[in-house]
Amino acid sequence: MSDSYSFVKGGKLKLKGSKHKKHKKSKKRKHEDDDEVSLGSVNTKHNDVAEYGGWWTVSKFGQITGNICIELAERRFMFAQDNGRFVLGPPREDGPEPEEILTAVKVDETKIALKSGYDQYISVGSNNLVIGRSMAIGSKEQWEPVFQEGQMALNGCNGCFISADEDDDIVCSNKTASEKEMIKIRSNVSLITDPKYMMPQEERGSLKDAEINYVKKFQSFQDRKLKVSSEDKTQLKKAKKEGTLHESMLDRREKMKADRYCK
């Protein structure tokens, strides 16, 4: 089956038997979702990342993007069949198999669409069965992730939550979320939250390093000599604060005739 498989904020959760409790806001603010991430790897508050082959559990809406899988029972994921149906896959030792990997697409600020590896969007069909047979995103193909008190459920177009039934078919049949509707969406997308790695690679060092990096990038090197401005870098520091660093460095390169794009 793998050969034919091509990769190509929500309302409150309704929990059966639970009462809503008011929580006081803590004065001490923690890092949002404890997403402490190092370059090239994911190091979140979840300690099972390595056990799941690098697939970590999302904890907020913005993290649901790109490759994901849906864990409906411990180590058991939503499995796509070539007839468009979905079942609960067998227990996995090292994360999902290709048939269990979906692509998440943001629709708006509260809803997503999900596409299977067969390039079909997922919706709710007859008898509340979850199917993947749509070529485009419509109202039926929109899903709402709902987070509450560290738990998560996924609401379908029929107002019901996704789960696996007694026959291991994936369904959307309950309007309230009980234990079996509690799921985990896992992602293997690397999160880079360190501001240092959110900026261009050329600017990750000091201002001196950044200027040299851009000179190397844009200089024509006709005489094979690196031409870097000897002017004081105070202006560069000011430009960086004002958001005009690139323009300021370009002016300095132009004075040195050290940019192949300068006239």
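The values are calculated or read from the model by the stated rules, or taken from the named source; none is laboratory data. Quantities reported herein were computed from a predicted structural model and do not represent experimental measurements. Cβ: placed from backbone, ideal geometry, glycine included. Neighbour counts: every protein chain shown.
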Selection count where residues are assigned to a strand (DSSP E or B) and farther than 19 Å from F161 by Cα, scope region 65-102: 2
Given the conditions (1) modelled with pLDDT of 50 or more; (2) buried (at least 18 other Cβ atoms within 10 Å of the Cβ), report the number of the one that V105 does not fulfil. (2)
Would you check which residues across region 116-139 are at pLDDT 95 or above and assigned to a helix (DSSP H, G or I) and list them? N128
Which of the residues spanning region 101-125 are within 21 Å of K180 (Cα to Cα) and over 17 Å from the mean Cα position of the chain (by Cα)? I122, S123, V124, G125
Using the structure shown, decide if S163 is within 21 Å of L102 (Cβ to Cβ) and at pLDDT below 80. no
